[in-house]
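The values are calculated or read from the model by the stated rules, or taken from the named source; none is laboratory data. Since the model is a prediction, treat every value here as computed from it, not as a measurement. Positions of Cβ are generated from backbone atoms using ideal geometry, with glycine treated the same way; all protein chains shown enter the neighbour counts. SASA here: full protein model, heavy atoms, side chains in, ligands and nucleic acids out. Shrake-Rupley method; radii C 1.70, N 1.55, O 1.52, S 1.80 Å.
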Amino acid sequence: MQKRYLPALAGAVILVSAVTWAETPGQIYMNSGDIKWGDAPPVFAKGAKMAVLIGDPGKEGNFVARLSMPANYRIAPHWHSQDEDLTIISGTFYLAEGDKMETPHAHAMKAGAFHHLPAKTHHYAYTKGPTVVQVNGKGPFDLTYVDPKDDPGKAAPAAEAQKKK
């Protein structure tokens, strides 16, 4: 298994700029229209968007990010070295534990649902319709695919190398 940290995550995601800072330092108020989305880092398959609400997932410390996925999006079996707390903002997120994508075993997590995912739990996820998930965690965020061939960030450079041969 190959562990991938996302030190360039901040570069792949547009940080929110239109926030209202509260009178008390450290507080912010943010409406959904204030969130700035960018392409998700290459460790995710193309089509996903990400927004970092607070913190920096590429560095040590707490962060909150949202992942927006289109219909029929899949995240192959993987694990993280830190706990994650997931809240489904919209749509339905199908989530299950295991080393193989076995869709009948997935839990349909609907808008408003919450899931605590302990570190190193092998799991996978997919959508049937557009879905937004909020991730609360501690950085640095990492994602290790159970099968390294499932890593979209590794697959694209390998495909390009094959074309050049």
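Can you tell me which residue is nearest to Pro77 (Cα to Cα) among those in the range 145-165 that are modelled with pLDDT of 95 or more and part of a loop (DSSP other than H, G, I, E, B)?
Val146
Working carefully through the options Val43, Val64, Val52, Val132, find the one that is touching a residue at least 40 places away in the same chain (Cβ under 8 Å) and out of contact with any strand residue (DSSP E or B) (no Cβ under 8 Å at 6 or more places or on another chain). Spell out how you get there, then give the answer.
Numbers: Val64 fails: out of contact with any strand residue (DSSP E or B) (no Cβ under 8 Å at 6 or more places or on another chain); Val52 fails: out of contact with any strand residue (DSSP E or B) (no Cβ under 8 Å at 6 or more places or on another chain); Val132 fails: out of contact with any strand residue (DSSP E or B) (no Cβ under 8 Å at 6 or more places or on another chain).
Unique residue meeting the criteria: Val43.
Does the range 142-153 hold any residues that are open to solvent by 30 Å² or more (accessible area, probe 1.4 Å) and touching a residue at least 60 places away in the same chain (Cβ under 8 Å), and which are they? Can you show your working first?
So in the range 142-153, the residues open to solvent by 30 Å² or more (accessible area, probe 1.4 Å) come out as 146-150, 152.
Within the range 142-153, Val146, Asp147, Pro148, Asp150, Pro152 qualify.
Could you grab me the full set of residues in the range 111-122 that are of a type in the set (A, V, I, L, M, F, W, C), open to solvent by 10 Å² or more (accessible area, probe 1.4 Å) and in contact (Cβ under 8 Å) with a residue 24 or more places away in the chain? First the steps, then the outcome.
If we filter the range 111-122 for residues that are of a type in the set (A, V, I, L, M, F, W, C), which is where we start, we get 111, 113-114, 117, 119.
Those left that are additionally open to solvent by 10 Å² or more (accessible area, probe 1.4 Å): 111, 113-114, 119.
Passing the criteria: Ala113, Phe114, Ala119.
Determine whether the range 19-30 contains at least one residue that is more than 23 Å from Gln82 (Cα to Cα), modelled with pLDDT of 90 or more and touching a Leu at 6+ places or on another chain (Cβ under 8 Å).
Yes.
Anything in the range 20-40 that is in contact (Cβ under 8 Å) with a residue 24 or more places away in the chain and in contact with a Phe, Trp or Tyr (Cβ under 7 Å, 6 or more places away or on another chain)? List them, or say none.
Keep residues of the range 20-40 that are in contact (Cβ under 8 Å) with a residue 24 or more places away in the chain, which gives 28, 35, 37-40.
Passing the criteria: only Ile28.
Looking at the range 128-141, which of its residues are surrounded by fewer than 18 Cβ atoms within 10 Å (Cβ to Cβ) and either modelled with pLDDT under 95 or touching a helix residue (DSSP H, G or I) at 6+ places or on another chain (Cβ under 9 Å) (or both)?
none
So if I check each of Ala108, Ala125, which one is open to solvent by 20 Å² or more (accessible area, probe 1.4 Å), out of contact with any helix residue (DSSP H, G or I) (no Cβ under 9 Å at 6 or more places or on another chain) and not in a loop (DSSP other than H, G, I, E, B)? Before you say what the answer is, go through the steps one by one.
Working: Ala125 fails: open to solvent by 20 Å² or more (accessible area, probe 1.4 Å).
Testing whether each residue is open to solvent by 20 Å² or more (accessible area, probe 1.4 Å), out of contact with any helix residue (DSSP H, G or I) (no Cβ under 9 Å at 6 or more places or on another chain) and not in a loop (DSSP other than H, G, I, E, B) leaves just Ala108.
Return the residue satisfying two criteria in turn: it lies in the range 33-85 and is part of a strand (DSSP E or B), open to solvent by 30 Å² or more (accessible area, probe 1.4 Å) and of a type in the set (Asp, Glu), and of such residues it is farthest from Pro130 (Cα to Cα).
Top of the filtered list is Asp85.
Here is a list of conditions, (1) under 12 Å from the mean Cα position of the chain (by Cα); (2) surrounded by 19 or more Cβ atoms within 10 Å (Cβ to Cβ), and Leu95 meets all of them except one; can you say which number that is?
For Leu95, the failing item is (1).
Return the residues of the range 93-124 that are among the charged types (D, E, K, R) and either modelled with pLDDT under 95 or farther than 16 Å from Trp79 by Cβ (or both); say none if nothing qualifies. Walk me through how you get there before you give the answer.
Kept after step one, since they are among the charged types (D, E, K, R), are these residues of the range 93-124: 97, 99-100, 102, 110, 120.
Residues satisfying the conditions are Glu102, Lys110.
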